[in-house]
1. Looking at GLY51, GLY60, GLY100, which one is among the small types (Gly, Ala, Ser) and touching a His at 6+ places or on another chain (Cβ under 9 Å)?
2. Looking at segment 166-178 only, could you name the residues that are in a strand (DSSP E or B) and more than 16 Å from VAL123 (Cα to Cα)?
3. For segment 32-69, give me each residue that is of a type outside the set (A, V, I, L, M, F, W, C) and crowded, with 21+ Cβ neighbours inside 10 Å.
4. Which pairs turn up if I take residues in segment 29-47 that are under 15 Å from PHE124 (Cα atoms) and at pLDDT below 85 and look for partners that are in a helix (DSSP H, G or I) and not β-branched (Val, Ile, Thr) with beta carbon separation below 8 Å, at least 6 apart in sequence or on another chain?
5. From the list GLY117, GLY72, GLY65, which residue is without any contact (Cβ under 8 Å) to a residue 12 or more places away in the chain and under 24 Å from GLY150 (Cβ atoms)?
6. I'm trying to understand the selection: among the residues of segment 70-95, which are surrounded by fewer than 24 Cβ atoms within 10 Å (Cβ to Cβ), of a type in the set (S, T, N, Q) and part of a helix (DSSP H, G or I)?
7. Could you give me the residue pairs with C-beta distances under 7 Å whose first residue belongs to segment 169-180 and is within 14 Å of PHE37 (Cα to Cα) and at pLDDT below 90, whose second residue is surrounded by 14 or more Cβ atoms within 10 Å (Cβ to Cβ) and not polar (S, T, N, Q) wherever it lies, and which are 6+ apart or on separate chains?
Amino acid sequence: MRIIAGRYRGLGLASVGKGDPGAHLRPTADRVRESLFNLIVNGGYGDPVTGARVLDLFAGTGALGLEALSRGAAQITFVEDGARAAALIRENVAKCRAAGETALIRRDATRLGANPGAAFDLVFLDPPYGKGLGERALAAALAGGWIAPGALIVWEEGVEVVPPGDLVPLDTRRYGDTVISILRHG
């Protein structure tokens, strides 16, 4: 696993091998991450990355958020409740020397509560597939004021998703067993 583009381009991230099923770690493959960023940057959504405040739910290794930071995002907040994943995020943030631009919240993404700060412009969501956790996490994020009006949401799942609330589906792409859905908040 490595950063694909931007200021950290080529930087190797902490390895989890083929994933850690016990910790529900299933890192987004480099080629899928590259396709995902090409889609959101060149898909007619303006530039949703540069200067963005990014919320990375079910952050896993932090690769999606760190890729956004490498490409010009202003700040990344990782939400992850797993101890192994949180350790990997801390290791990867240290490799990028990005502690000042990142925050890690150790919490269940489906129980976010009220957002204590400004809402986020770009949201990545990569829950364990097939458990309905994505829907619950987005509902919690919307209810808690975590997602700004007009924010772009990138949701990885094993199947096409039905967005909760007033989220508007914009695009869906399949990459092997991964389905990427692009949504807009209101």
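The values are calculated or read from the model by the stated rules, or taken from the named source; none is laboratory data. Bear in mind the structure is a predicted one, so any value in this text is a computation, not a measurement. With ideal geometry, Cβ positions are generated from the backbone for all residues, glycine too; neighbour counts draw on all protein chains shown.
1. Just a single option satisfies the conditions, and that option is GLY60.
2. Within segment 166-178, the first condition is being in a strand (DSSP E or B), and the residues that meet it are 167-175, 178.
Scanning segment 166-178 gives ARG173, ARG174, TYR175, THR178.
3. Of the residues in segment 32-69, the ones of a type outside the set (A, V, I, L, M, F, W, C) are 33-35, 38, 42-48, 50-51, 53, 56, 60-62, 65, 67.
ARG33, PRO48, ASP56, GLY60, THR61, GLY62, GLY65, GLU67 - these are the residues of segment 32-69 that are of a type outside the set (A, V, I, L, M, F, W, C) and crowded, with 21+ Cβ neighbours inside 10 Å.
4. As it stands, the answer is ARG33/ALA63; ARG33/LEU64; ARG33/GLU67, since those pairs meet every condition given.
5. On the way: GLY72 fails: without any contact (Cβ under 8 Å) to a residue 12 or more places away in the chain; GLY65 fails: without any contact (Cβ under 8 Å) to a residue 12 or more places away in the chain.
Checking each option against the conditions leaves just GLY117.
6. Within segment 70-95, just SER70 meets the criteria.
7. TYR175/VAL32
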